[in-house]
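Undergrad: Pasting a structure here, questions to come.
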Amino acid sequence: MKTANLAIVFTDIKGFTERTSRQTLEENQRLLHVHEALLVPLFKAFGGRIIKSIGDAFLVTFESPTQAVLSGIAIQDRLWQHNRNLLEDEQLHVRVAVNVGEVRLEANDIFGEPVNIAARVEGITEADEVFFTEAVYLSMNKAEVPSQEVGSFELKGIPGKIRVFRVPRAPYRVEAPAPGAVVLPQDESSQPPFGNLALARVVDPGMDLGAFGQRAAAGAAQFGQGAAQLGQRAAGGAAVLGQRASVLGRQARTAGGALWSRVSQALPEGMGSRLALSPARGKRLAAVGVLALVLGVGVVAWGGGATQRAIRAVEGTTGAEKAARVSEAKRLIREEQDAGRRLFLTGRLEEAQGDVDESLGAYAHAVRKGNDDAASRIVSLLGHEQCAVRSAAADTAGSLRLEAARGELEDLAEDGGKDDDKESGGLFSFGSCDSKKAAASALKRLPAK
């Protein structure tokens with residue numbers, strides 16, 4: 001029999017059973033898709049191995065108890081970001097519990113008292129919290145993980161009392177805990193609960209939905225050439241797109257939407273929003289073909305302003321170079337006088353860093369401030385080549401009751417995307433992504449005509 005000393009993490013969604021009883025199967029699958037996309041990349045980023053997933057629950061092992069707790073901290077800050085712009089009944093609130101000890105390894109499962117203790121501790125963990133046992137506290141690196149004692153508990157089936165700790169809310173100094181540890185007050189509405197202590201260690205901590213902020217081409221000249229070719233294809237097929245022919249509808253919507261998503265990023269400010277908010281989508285796509293041809297020649301000469309150039313300079317960078325460019329872009333964004341404009345640019349910066357979920361949140365705030373460019377960007381993301389991005393954009397448009405997105409949502413609800421109904425591809429997939437259904441659901445939330 002093989003054994004190993006491992007840190008064990010259990011997570012689950014608060015109120016999942018009750019939530020399931022009032023959701024359709026489609027809504028439940030979409031919830032689990034989002035849950036998986038948010039948590040799995042963070043488990044992996046901190047060295048976790050997913051043992052099993054049942055419904056809303058994950059069982060994950062780590063070789064390091066410190067990394068196990070850090071993954072829980074990162075998850076809670078990531079979920080805080082995700083929940084900020086959602087209605088209360090659409091939010092995800094997760095409990096994270098950690099224990100460490102010698103476990104038996106059998107096939108693709110683990111057994112032993114440490115596993116049972118972790119499961120019982122999860123049962124007393126509060127939503128949005130990270131609880132861990134004394135065994136974890138004694139073995140983790142206290143210079144990296146803050147802690148605060150919760151108390152000692154009698155757990156069902158476990159002899160004796162188990163001493164339990166939690167990660168306190170930021171801001172704090174990382175040190176050995178005291179029973180009455182003082183946590184400085186903060187504005188909880190504007191700061192992540194754990195101060196991005198762990199999330200900052202992850203290169204791209206967004207949803208595992210692909211690289212959202214990639215450049216349209218390797219350079220301006222290559223972009224121009226590619227845009228011209230795309231424009232020729234779009235112009236040639238614009239009539240078919242405008243007719244929304246049933247045979248070509250799915251392919252046309254995906255190609256045209258993807259083209260618009262790329263081209264709109266390079267348009268001078270204001271022009272993209274005027275086209276995206278136009279109700280005549282077929283005409284818009286025809287215009288995109290012409291614009292792409294123009295951009296093939298003219299994009300090199302157009303800079304888009306210092307802030308936009310600084311944001312584009314972030315794309316494709318890593319490490320210290322990325323940090324420096326992000327800092328410069330943020331400085332320029334802060335200089336913007338209009339609040340809606342600042343929020344829109346913040347969303348573009350998040351997108352450039354590959355975090356589409358956070359960018360959609362910023363765009364939603366910007367729309368509420370009356371920024372048309374943000375509305376335009378949400379609409380353009382409905383034509384993204386990836387199903388998960390289209391679905392997230394549809395949910396955002398629905399939450400905002402964004403009338404400007406009606407035409408694109410109707411097209412998406414009718415035609416879907418070429419990658420709809422495909423498995424998410426993760427080790428523990430929860431079904432298929434369906435942006436067509438997401439669009440149909442969003443349409444129901446728009447104001448009645």
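Undergrad: Would you pull out the residues with amide H under 5 Å of Arg163's amide H, same chain only if 5 or more places away, H placed 1.01 Å from N?
TA: The list, which skips near neighbours in sequence, is Glu134, Phe153.
Undergrad: Pulled fully out, how much extra length does the chain show between Arg401 and Ala306, if you take 0.36 nm times their separation in residues and subtract their Cα-Cα distance?
TA: Numbers: separation 95, 0.36 × 95 = 34.20 nm, distance 3.24 nm.
In short, 31.0 nm is gained.
Undergrad: Once the piece of chain linking Arg368 and Gln337 is laid out straight, how much longer is it, given 0.36 nm per residue of separation minus the C-alpha distance between them?
TA: 9.5 nm
Undergrad: Using the Kirkwood radius over Cα pairs, work out the Stokes-Einstein diffusion coefficient for region 2-201 at 4 °C and 1.567 mPa s, in µm²/s as a whole number.
TA: 75
Undergrad: While we're looking at this one, here's another question. For Ala200 and Arg49, compute 0.36 nm times the residue count separating them, minus their Cα-Cα distance, and round to one decimal in nm.
TA: Here the segment from Ala200 to Arg49 would lengthen by 52.3 nm.
Undergrad: Additional query: Measure off 7 Å from each Cα along the Cα-to-Cβ vector at Ser152 and Asp109, then give the distance between these two points in nanometres to one decimal.
TA: Placing both labels 7 Å along Cα→Cβ, they lie 3.4 nm apart.
Undergrad: What's the magnitude of the charge dipole for region 23-96 around its Cα centre, counting Lys and Arg as +1 and Asp and Glu as -1 at the beta-carbon? Answer in Debye, nearest 20. Walk me through the numbers on the way to the answer.
TA: Working: 7 positive and 9 negative charges, 74 e Å.
It comes to approximately 360 debye.
Undergrad: Arrange Cys433, Cys387 by Cβ neighbour counts within 10 Å, fewest through most, would you?
TA: Cys387, Cys433
Undergrad: Sticking with this structure for a sec: Too long at a 27 Å Cα-Cα cut-off: which of Lys52/Lys444; Lys52/Lys418; Lys2/Lys52; Lys44/Lys142; Lys14/Lys322?
TA: Distance filter (> 27 Å) returns Lys52/Lys444; Lys52/Lys418; Lys14/Lys322.
Undergrad: What is the distance, in nm, between label points placed 7 Å from the Cα along the Cα-to-Cβ direction at Ala320 and at Leu138?
TA: So the two model labels end up 4.2 nm from each other.
Undergrad: Using the number of other C-beta atoms within 10 angstrom as an exposure proxy, rank Tyr137, Tyr363 with the fewest first.
TA: Details: Tyr137 21, Tyr363 31.
Ranked by crowding around the Cβ, least crowded first: Tyr137, Tyr363.
Undergrad: Could I ask something else about it? Just to check I understand the Karplus step: with θ = phi - 60° and J = 6.51 cos²θ - 1.76 cosθ + 1.60, what whole-Hz values come out for region 310-319, glycine and proline as x?
TA: Each residue's phi maps through the Karplus curve to give 5, 5, 5, 5, 6, 4, x, 9, 9, x Hz.
Undergrad: Calculate the FRET efficiency for Ile124 and Arg445 from the Cβ-Cβ distance with a Förster distance of 51 Å, rounded to the nearest 0.05.
TA: Plugging the Cβ-Cβ distance into 1/(1 + (r/R0)^6) gives 0.85.
Taken together, the values in this text are just the output of simple stated rules run on the coordinates, not laboratory data. This one's a predicted model, so the numbers in the text were calculated from it and none came from an experiment. Every residue, glycine among them, receives a Cβ derived from its backbone with ideal geometry; neighbour counts consider all protein chains shown.
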